[in-house]
Amino acid sequence: VSARSFSVEETKRYAATINDPSRLVAGYPGVTNTQDNNNDIVVRGNTSSGVLWRLEGVDIPNPNHFARPGSSGGGISAFSASLLTNSDFSSGAFAAEYGNALSAVFDMRFRHGNTEKREYTARIGLIGLEIGAEGPLQQNKSSYLANYRYSTLGILSGLGFNFVSERTSNTFQDLSFLLYFPSESGKSVTTVFGFGGLSLERHSELKDQSKWKSRGDRQRSDFETNLGVLGVTNTYLLTSKSYLKTTLALMDSFNSVVEDTLNHVRVPAITAHNSARDTRISLASHYSQKVSTFLSLKAGLNTSLFRYNLFFDRLVRQNWQTAIDKNGVTGQVDVYAQGKYHLNSRTSVLAGVHALWFALNKTSSIEPRIALTSTLTTRQTLTLAYGLHSRILPLGLYFKRNICPLLQPNCTPDSTLPNVNLPLAKAHHWVVSHNFAPSEQFHVQTEVYYQYLFNVPTLASGLNSYWFFNDMEGFGQTGLAPEGEGRNYGIDLIVERHFGNRFFFLLTGAVFRSFFDLPNGQSFSTQYDSRFTSSYMGGKEFVLRKGGILQVGSRVAWNGGNRYTPPDEAKSAQAGYYISDESRIFAAQVPNYFRVDGRIALTKNRHKYNYTVSLDMMNIGSRRNPQWQQYDPQSKEYYFSYQSEFIPVLTWEVDF
């Protein structure tokens, strides 16, 4: 339930996804991405920080370039989607095999290289270079698959097109691979897989000093992210009806931000220095058995041991405040068991339990999961599902310090960590799903859902409306208590025509609400309570008389805007910066988000090679979608910052 598979073929057909899984699923029901310069997804009103990423059976850290601390997204994935075989995306009531997730689950798998012949791919375009290779190794139908990308947005920026802003430069590179080794007996398969990425984003000050309106106009920053995953898997066939799969992986992720601010004579001063490193070794193993035609079982273990090193330092009114300075070792253990039983020819039940234990503060959760599916007719099914789910909070949140007030004399910083014992955040998910297939090519799905969140960190003092999951990134505030609650409910709709006769489309829509509740009983819309999402993705292929295929596709997104708290105009004018009006929490809404993308691609097949020339057009019409409201202290006026306008991505690809 609430799950959908996607393939590399889909990523190639959809317009303006730039080989990124997150941007692909942004067209699925209840999924939004209203920030053009990142791939964070909001699923059914949930924060993007609640997304679980899994690759080759093992949970991995945020696998994106420009991954921000405390988030599950970034700028673009650190591996090309062209490496993926059929992978799964789940948006609620997850099966028992998935843990440590509240919002969504990406379960991805790399494909095997060609075992018959060597193939090579070269792709060059306005956003960079990509090279791929695959083919057989020397023995036992083994194979290799490798891909390298280098990208700089400088070419597009030089042409006047900006992904992020005209003041921001981005470069990244990554390498991904999979080696496939089947045994001679045919009873086991071993794979070695990995990916690594380096990225750097530099943000410069506004060059024209006369246009400086806010501190951000005179601020510069360097944002660096590095990550790597190296793993080995073994799948062993125990009997004709059972197997054991084990994955062992070593991972490392690092990010660093250095900010400096210019004064009015353009002399820079460092104002922030943040860094975070997470190095872990993970083991995942599961046993699967088909007991009979009526019953199948699956049980597994996922465990990680990780070393962390976190440092967050910021200059506030000429005083350095160290919010986080902690290093150490901790870990987590997940175990699960689930079974699928066919009660009769029309009804089946998938039930299981997942247990999660977090070593840092010895918190745990035992979570039942169940889904009952009934075949109403040969073309209709109805599924009822429930699950209890939990999530470990971003690690830095546990180590947030109490910082001395600047004006308090004889103050000694509090060395205690008031957040360290926060329990796991949790949510109950209920889903009712109806599937109707009027024909082999068409599919209509309707889902009604309700989610109840609890143990969400809020300020223990209760003096303001802080609720941790309104943050899309970062490590929150200090002095938090697990007393917040939340509710998400809505209806998702899919109308889909599967690819056939060289034509396909996917039309989705959702109507929903998202609220959070404070300990004092007050209830407010969350930042993500945009109320509706809608999307169309489709395409058509034309076979040309002189050979070749012309592909034409489009993508349209129309979503409600994110919410924000209006300013307290009197206090903002007095302070010289934006101060929210705490009496109107998230009462205002950014105007609706609307964007049209297009794709045109021509593929020609030759005797020894084929090539494709494609043009992906992002934001056709250059609609200026508002992003955030800001304040100009000089004019004392409020204004919106805007997202990317029209961006063309021209690419030439050759396969041989």
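Numbers for the structure displayed
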| item | result |
| --- | --- |
| Qualifying positions in the stretch 41-52 - buried (at least 23 other Cβ atoms within 10 Å of the Cβ) and either without any contact (Cβ under 8 Å) to a residue 60 or more places away in the chain or not in a strand (DSSP E or B) (or both) | Ile41, Arg44, Gly45, Thr47, Ser48, Ser49, Val51 |
| Enumeration of residues in the stretch 498-518 that are modelled with pLDDT of 95 or more and of a type in the set (Lys, Arg) | Arg513 |
| Given (1) modelled with pLDDT under 95; (2) β-branched (Val, Ile, Thr); (3) in contact with a Lys or Arg (Cβ under 8 Å, 6 or more places away or on another chain), number of the condition Val329 does not satisfy | (1) |
| Per-region count, the stretch 217-261, residues free of Cβ contacts under 8 Å to residues at least 40 places away in the same chain and either touching a Pro at 6+ places or on another chain (Cβ under 6 Å) or outside any strand (DSSP E or B) (or both) | 2 |
| Flag if Arg280 is in contact (Cβ under 8 Å) with a residue 60 or more places away in the chain, of a type in the set (Lys, Arg) and in a strand (DSSP E or B) | yes |
| Unique residue being under 23 Å from Gly231 (Cα atoms), surrounded by 24 or more Cβ atoms within 10 Å (Cβ to Cβ) and touching a residue at least 60 places away in the same chain (Cβ under 8 Å) when the list is Pro29, Pro63 | Pro63 |
| Elements of type strands (runs of 3 or more DSSP E) in the stretch 101-214, at least 1 residues being surrounded by 17 or more Cβ atoms within 10 Å (Cβ to Cβ) and free of Cβ contacts under 8 Å to residues at least 40 places away in the same chain | 128-136, 143-152, 168-182, 188-203 |
| Selected residue (only one of Phe181, Phe195, Phe223 is in contact with a helix residue (DSSP H, G or I) (Cβ under 9 Å, 6 or more places away or on another chain) and farther than 30 Å from Thr293 by Cβ) | Phe195 |
| Residue match in the stretch 493-516 (condition: free of Cβ contacts under 8 Å to residues at least 24 places away in the same chain and basic (Lys, Arg)) | no |
| Search result, residues across the stretch 517-563 that are surrounded by fewer than 19 Cβ atoms within 10 Å (Cβ to Cβ) and either touching a helix residue (DSSP H, G or I) at 6+ places or on another chain (Cβ under 8 Å) or among the aromatic types (Phe, Trp, Tyr) (or both) | Phe532, Tyr536, Phe542, Trp558 |
| Strands (runs of 3 or more DSSP E) wholly inside the stretch 292-364 containing at least 1 residues that are of a type in the set (Lys, Arg) and under 29 Å from the mean Cα position of the chain (by Cα) | 295-316, 319-342 |
| Any hit, the stretch 218-231, residues being crowded, with 16+ Cβ neighbours inside 10 Å and within 30 Å of Glu116 (Cβ to Cβ) | yes |
| Residues located in the stretch 232-252, provided they are surrounded by fewer than 15 Cβ atoms within 10 Å (Cβ to Cβ) and β-branched (Val, Ile, Thr) | Thr239 |
| Residue within the stretch 10-22 that is among the aliphatic types (A, V, I, L, M), in a loop (DSSP other than H, G, I, E, B) and in contact with a Gly (Cβ under 7 Å, 6 or more places away or on another chain) present | yes |
| Out of Ile366, Ile370, Ile392, sole residue that is exposed (fewer than 15 other Cβ atoms within 10 Å of the Cβ) and either within 21 Å of Glu97 (Cα to Cα) or at pLDDT 95 or above (or both) | Ile366 |
| Val613 touching a Gly at 6+ places or on another chain (Cβ under 9 Å) and free of Cβ contacts under 8 Å to residues at least 60 places away in the same chain | no |
| Failed item, numbered, when Tyr536 is tested on (1) within 25 Å of the chain's Cα centre (by Cα); (2) farther than 30 Å from Tyr611 by Cα | (2) |
| Top-ranked residue in the stretch 216-239 [being at pLDDT 95 or above and hydroxyl-bearing (Ser, Thr, Tyr); ranked as farthest from Ser304 (Cα to Cα)] | Thr239 |
| Subset tally (residues that are under 22 Å from Val511 (Cα atoms) and either of a type in the set (A, V, I, L, M) or surrounded by 15 or more Cβ atoms within 10 Å (Cβ to Cβ) (or both)) for the stretch 566-593 | 8 |
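The values are calculated or read from the model by the stated rules, or taken from the named source; none is laboratory data. Just so it is clear, the model here is predicted, and its values are computed rather than measured. Every residue, glycine among them, receives a Cβ derived from its backbone with ideal geometry; neighbour counts consider all protein chains shown.
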